[in-house]
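Here, each number is a calculation from the coordinates, and none is a lab measurement. Just so you know, these numbers come straight off a predicted model, no measurement behind them. All Cβ positions, glycine included, derive from the backbone under ideal geometry; neighbour counts span all protein chains shown.
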Amino acid sequence: MIQEIQIYNTLTRKKEVFEPLVPGKVGLYVCGPTVYGPPHLGHARSAITFDLIFRFLKQIGYKVRYVRNITDVGHLVADSDDGEDKIEVQAKLDELEPMEVVQKYTNLFHQAMEMLNVQPPSIEPRASGHIIEQIEEVKKILNSGYAYESNGSVYFDVEKFASENEYGKLSGRKIEDQISYTRTLDGQDEKRSALDFALWKKASPEHLMRWPSPWSEGFPGWHLECTAMSCKYLGETFDIHGGGMDLTFPHHEAEMAQAQAAHGKQAVRYWMHNNMITLNGQKMGKSLGNAISLEELFSGNHPLLEKAYSPMTIRFFMFQAHYRSTLDFSNEALQASEKGLERLMKATARIESLPVSENSSVNIAELSANCFTAMADDMNSPIAIAYLFEGVKIINSVADGNSSITLEDRIQLNSLFHSFVFDILGLKSEDQAGSGSSVVLNEVVALLMKLRAEAKASKDWATSDKIRNELSAIGFDIKDGKEGVSWELKK
RNA sequence: GGUUCCUUGGCCGAGUGGUUAGGCAGCGGUCUGCAAAACCGUGUACGGCGGUUCGAAUCCGCCAGGAACCUCCA
């Protein structure tokens, strides 16, 4: 029996008990990055959020097919209303082939994801590889009567659809409000209404990315790829669709309408949206020019960064806030997370060497239940982490002889921490130089520790402190504990 | 202008009608030759003003400030 979980459904605006379409299996689709620029903190939040969901669902026993697309075609440019393809503009600037740009940023995205220990999705389809499927979707929508062709382009008829179906429910919008507040876009005169959106767009002569279709040489509309690819890999109806909150409208609203028009039924059962990262209280975004790239974050090479932050620090930082809350970025907050993470990882490594007793003065079963209950409540990772820190207290307290633990409890505690820290939260140890990676280094330091111990034995504090201080200056932390001396490389 | 949401102690950040969130920083102590680490103890916070209630940070109203979406965006 799989643990019951609740997830917040954007569609109904409340937490619901999650019931998969097929018992024991979950179909999860998440909007992936548009690969026209370097990956930034915002991409990381979405990827990390749904990585957590992917991992947790698997941990509690579900078989999950996780599809996350790469958008490599078809979006407009930020400050240009001329309908040029976003990727194409960047290509001209870089004097590269569009697909070369796409490849470059896809590779960078994958590298960053690996560093963040984000598991690859089960399937990672590309929009440009599914043009045929998208054309088929356009045909279906035309057949159902909710689209019309105009001058080689095909548009979705929002007003007609809205008169017979629900439109605007996901984003909480009323169609009447929308009509009065729209801006002028290219091709507006081709549309029956400003609300209509393109399913297929005829390419202008200078447009490089183009494919043949029954209507014109052109490219698919902005929202179509997710409908086509989710349907292909997960079916006409599937369990969870995720993405950033900023995609709720118009992207996901359009997807809902398209899928309904094409297949005659709702595609998505649970919509999940992660909130934004803010910087000085404002959304961090590519178009606002205040996005910090992951490369800058990892290297510390950015005017707003006091230092470099490791991928695991970023990951842990994000889990200390709930995924539906905005998360404000600051050096102080990241440094707090860095230290907290270090404490958590150190305690995790200590569990196996804890002394065992006849009786436990601590309740591990309750701790474990609390951690899983927190996660089952709409992925409340901050609460789960708070309980893990209770576990840290227990571990350190047992190590210091202030609490006792039985062997069975120690095994359970170890299993809990390994499940949560490594499998669910997906954290990993980041020892630079890696203990054990250099046997020689270990032996050299061990030799110095031996010399220092001898100096200490003869109360030659000057020598012992000299060894410690100079090692410290090189980058080692030397700690005198009850069980002997230990050392590690500083962060 | 429309829609939605937020405001928690020095910082970050959970919670949502009565009971300690947690992390980081700070303070006091234990341990130590000293230091670090660890441990123990420590802070009565919920934007303002009203209302509902035996009781509100938590529900309602008003006000102030902020954000997101309405245009590509995680």
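Quick one: net charge around A:M375, please, counting Lys, Arg +1 and Asp, Glu -1 for every other residue with C-beta under 13 Å from its C-beta.
-2
Quick check of the Kirkwood formula: for region A:9-68, what is the inverse mean of 1/r over all pairs of different Cα atoms, in Å? Walk me through the numbers before you get to the answer.
Values: mean 1/r = 0.0758 Å⁻¹.
The Cα-based Kirkwood calculation yields 13.2 Å.
Name the residues of region A:211-243 whose amide N is less than 11 Å from a point 7 angstrom out from the Cα of A:L21 along the C-beta direction?
The answer is A:230-241.
Taking 8 Å as the Cα distance limit and 6 or more residues as the minimum spacing, I'd like the relative contact order of region A:278-424 as a percentage. Before the final figure, lay out the partial values.
Details: 150 pairs, mean separation 33.8, N = 147.
Relative CO of region A:278-424 lands at 23 percent.
Please report how far the C-alpha centroid of region A:135-152 lies from that of region A:343-389, rounded to the nearest whole angstrom.
55 Å
Sum -39500 (n - 2.57) across every DSSP H segment of at least 4 residues in chain A, then divide by the residue count to get the 222 nm mean residue ellipticity, nearest 500.
Calculated at 222 nm, the ellipticity per residue is -13000 deg cm²/dmol.
In µm²/s, what is D for region A:439-489 at 4 °C and 1.567 mPa s, where D = kT/(6 pi eta Rh) by Stokes-Einstein and Rh is the Kirkwood radius from Cα pairs?
117 µm²/s
Taking only the alpha-carbon positions of region A:107-170 and ignoring solvent, what does the Debye formula give for the base-10 log of I(q)/I(0) at q = 0.14 Å⁻¹?
Normalising to I(0) and taking log10 leaves -0.67.
When the label point is put 7 Å from the Cα of A:K428 along its Cα-to-beta-carbon vector, which residues of region A:348-373 have a backbone N closer than 20 Å?
Residues passing the 20 Å test: A:348-350.
For the pair A:I2/A:E306, report the inter-label distance in nm, with labels modelled 7 Å from Cα in the Cβ direction.
In this crude label model, A:I2 to A:E306 measures out at 4.4 nm.
Out of every Cα-Cα pair in chain A, what percent are more than 44 Å apart? Please report the intermediate quantities before stating the final value.
Working: 30686 of 120295 pairs.
Within chain A, distances greater than 44 Å cover 26 percent of Cα pairs.
Does anyone have the angle between helix A:461-474 and the longest principal axis of chain A? Alpha-carbon axes, 0 to 90°, nearest 10?
Long axis of A:461-474 versus the principal axis of chain A: about 10 degrees.
Treating only the Cα positions of region A:278-424 as identical point scatterers, give the base-10 log of I(q)/I(0) from the Debye formula at each q in 0.10 Å⁻¹.
-0.43
Could I have the simple spin-label model distance between A:S486 and A:A386, label points 7 Å from Cα toward Cβ, reported in nm to one decimal?
Here the answer is 2.8 nm between the modelled labels.
Work out, in µm²/s and without decimals, the Stokes-Einstein translational diffusion coefficient of region A:6-274 at 10 °C, 1.306 mPa s, Rh from Kirkwood over C-alpha pairs.
Value of D from the Cα-based Kirkwood radius: 83 µm²/s.
Just subtract the alpha-carbon distance of A:E100 and A:S325 from 0.36 nm times their residue separation and send over the number in nm, one decimal.
77.4 nm
So if R0 is 41 Å, what FRET efficiency would A:K466 and A:Q119 give, r being the distance between their Cβ atoms, rounded to the nearest 0.05?
On the way: r = 47 Å, r/R0 = 1.15.
The computed FRET efficiency comes out at 0.30.
Nearest 10 degrees, 0 to 90: what angle lies between the long axis of helix A:41-59 and the longest principal axis of chain A (Cα atoms)?
Taking Cα atoms only, the helix is inclined about 80 degrees.
Note down, for region A:185-341, the three equivalent ellipsoid semi-axes (square root of 5 times each alpha carbon gyration tensor eigenvalue), biggest first, whole angstrom.
38, 21, 14
Would you tally the net charge around A:L28, using a Cβ to Cβ cut-off of less than 9 Å, leaving A:L28 out, and scoring K and R as +1, D and E as -1?
+1
Arrange the following residues from fewest to most other Cβ atoms within 10 Å of their Cβ: A:L52, A:L451.
Listing A:L52, A:L451 from fewest to most nearby Cβ atoms yields A:L451, A:L52.
Taking the Kirkwood radius as the inverse of the mean 1/r across Cα pairs, report the Rg/Rh of region A:220-264.
Rounded to two decimals, Rg over Rh is 0.93.
In what sequence do A:D246, A:D409 fall when counting other Cβ within 10 Å, fewest first?
Values: A:D246 15, A:D409 23.
By the 10 Å Cβ count, ascending, the order reads A:D246, A:D409.
Excluding A:Y270 itself, calculate the net charge of residues whose Cβ lies under 10 Å from the Cβ of A:Y270, where each Lys or Arg counts +1 and each Asp or Glu counts -1. List each step's numbers first, then the result.
Details: positive: A:R269; negative: A:E16, A:E19, A:D239.
Neighbour charge sum, excluding A:Y270 itself: -2.
Once you put a point 7 Å from the Cα of A:A457 and another 7 Å from the Cα of A:I179, both along the Cβ direction, what distance in nm separates them?
Going from the A:A457 label point to the A:I179 one covers 9.2 nm.
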